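The values are calculated or read from the model by the stated rules, or taken from the named source; none is laboratory data. The model shown is predicted, which means the values in this text are computed figures rather than measured ones. Neighbour counts run over all protein chains shown; Cβ positions are idealised from the backbone, glycine included. The protein model used for the area step is the full one, side chains on, heavy atoms only, and it has no ligands, DNA or RNA in it. Shrake-Rupley method; radii C 1.70, N 1.55, O 1.52, S 1.80 Å.
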Amino acid sequence: MSIAGEVSTEEKIIEAARNIFTKKGFLATTIRDIAAEADINVASVNYYFRSKEKLFEFIMNESVSRLFNKIEPVLNNRQLTIDEKIRICVGHYIDNVLENPDFIFFTVNEVMSGKLHNLAMVNKMKSLEQSHFADQLKELHATGKIDFHPVNILWNITGMIFFPFLTRPRMLDSDYFNSDEFTSLMLERKKMIPLWISQMIS
């Protein structure tokens, strides 16, 4: 653990890897790239994480766990309605991504490359499928309250969050809006997305 105010070598490596993986993707990134970004030698990266794969897995686990540690208790809270769960989880999701907007590209790039076989991600997705929230959606479908597959709700939520972040770099480059304005728009979406989804299932 580092002294307060001092960044440890391990922390430098993690931050550098997160930046490089986001920009270049897993396949195009090398240990040498990460070492150069962290301003340390290659041996130090190998000492702390042994391989690029181990470092990638660590970062994915960290990011996935940070989000799911917040939303899993919500999804399994039997006292909350579907609408309440969607509102709270959308808020957590957007807040999490606003902390690192480029992480959306990191995730999408790895999904598209077929590299994403992260055990933590797989386990968390299974927990989502087995959650009380999933049971509530299935019940809506089984009782005829919605006439479409429940997964469409999850896809819509994800798409409504992901797409603005995918367009963010182009919008900023074109001066369509600045970073603060983008954040304000996403904070608006924290309120709007649950309303839109509620209208789908009402």
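Data for the structure
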| item | result |
| --- | --- |
| The chain: most fluctuating residue of Leu67, Leu140, Leu98 per GNM, C-alpha cutoff 10 Å | Leu140 |
| Cα-projected label distance for Asn77 with Glu181, points at 7 Å along beta-carbon direction, nm | 3.5 nm |
| Cβ charges +1 (Lys, Arg) and -1 (Asp, Glu), total dipole of the range 1-50, debye | 260 debye |
| For the chain, calculated [θ]222 nm from helices alone, where every DSSP H run of n ≥ 4 adds -39500 (n - 2.57) | -24500 deg cm²/dmol |
| Gain upon complete extension [Lys70, Glu99; 0.36 nm per residue less C-alpha separation] | 9.0 nm |
| Cα centre as origin, Lys/Arg/Asp/Glu Cβ charges: the range 140-202 dipole, Debye | 260 debye |
| Order of exposure, largest accessible area first, which applies to Glu72, Glu129 with probe 1.4 Å | Glu129, Glu72 |
| Cα-based helix-to-principal-axis angle, 119-129 vs the chain, degrees rounded to 10 | 10 degrees |
| Among Met171, Tyr93, Asn19 - extreme Cα towards positive end, dipole of the chain, charges at beta-carbon | Tyr93 |
| Given charges at beta-carbon only (K, R positive; D, E negative), |dipole| of the chain in Debye | 500 debye |
| Nitroxide proxy distance, nm - points 7 Å out along Cα→Cβ at Lys23 and Lys191 | 3.7 nm |
| Filtered trypsin sites (Lys or Arg not before Pro), the range 72-106: DSSP coil and at most 14 other beta carbons within 10 Å | Arg78 |
